[in-house]
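Heads up: the structure comes next, in structure tokens.
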Amino acid sequence: MINLYTTTSCNSCRKAKAWFEENQIDYIERNISHDPLKEDEIKSILSMTEKGTDEIISTRSKIFQKLNIEIDTLSLQELYKLLRTHPTILRRPIIQDEKMLQIGYKEEEIRVFIPRRLRTFTIIEQSTVGNH
């Protein structure tokens with residue numbers, strides 16, 4: 001199942017939701033402002049990143065700048081607590097399933113979440129249409 005971690009005011013989150021609905025792909029949405037990530041979810045997301053915290057934390061967010069923290073100096077426990085206390089410093093949306101992770105809405109990359117059976121069908125359908 002695809003987990004879609006969002007916040008209400010996030011335009012990219014709305015685009016991701018619309019994309020999943022348009023492509024009729026089931027997902028579970030969770031507003032992290034109201035229901036912050038649990039420690040095991042943060043660990044799971046971090047384990048799938050290529051660049052660790054650089055990939056998931058928005059250093060340009062007002063809250064992050066106001067906190068004036070040096071992420072690299074935090075212990076893992078301090079990092080988990082920070083992300084649970086201030087979930088809006090995370091880049092959004094966070095889209096995750098068992099094998100893939102995408103941070104932010106990128107239309108060309110989100111297609112990896114189309115189930116394989118639908119991707120195969122779409123390719124066959126496109127090649128059939130292209131031959132007529």
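The values are calculated or read from the model by the stated rules, or taken from the named source; none is laboratory data. Note that this is a predicted model, so its numbers are computed, not measured. Here the Cβ is made from the backbone with ideal geometry for all residues, glycine too, and neighbour counts use every protein chain on show. Quick note on the areas: whole protein, heavy atoms, side chains included, nothing else; ligands and nucleic acids left out. Shrake-Rupley method; radii C 1.70, N 1.55, O 1.52, S 1.80 Å.
Overview of values
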| read-out | value |
| --- | --- |
| Condition broken by R92, with the remaining ones in (1) basic (K, R); (2) surrounded by 15 or more Cβ atoms within 10 Å (Cβ to Cβ); (3) in a helix (DSSP H, G or I) satisfied | (3) |
| Test for E21: is it more than 20 Å from T7 (Cβ to Cβ) and open to solvent by 90 Å² or more (accessible area, probe 1.4 Å) | no |
| E107 being acidic (D, E) and out of contact with any Leu (no Cβ under 9 Å at 6 or more places or on another chain) | yes |
| Subset of region 75-91 (residues that are touching a residue at least 40 places away in the same chain (Cβ under 8 Å) and closer than 14 Å to T59 by Cβ) | L83, T88, L90 |
| Matching residues, region 73-107, being closer than 30 Å to I25 by Cβ and aliphatic (A, V, I, L, M) | L83, I89, L90, I94, I95, M100, L101, I103 |
| Matching residues, region 106-116, being of a type outside the set (D, E) and either assigned to a helix (DSSP H, G or I) or farther than 17 Å from E50 by Cα (or both) | I110, R111, V112, F113, I114, P115, R116 |
| Qualifying residue in region 30-50 (condition: under 16 Å from T85 (Cβ atoms), surrounded by fewer than 17 Cβ atoms within 10 Å (Cβ to Cβ) and basic (K, R)) | yes |
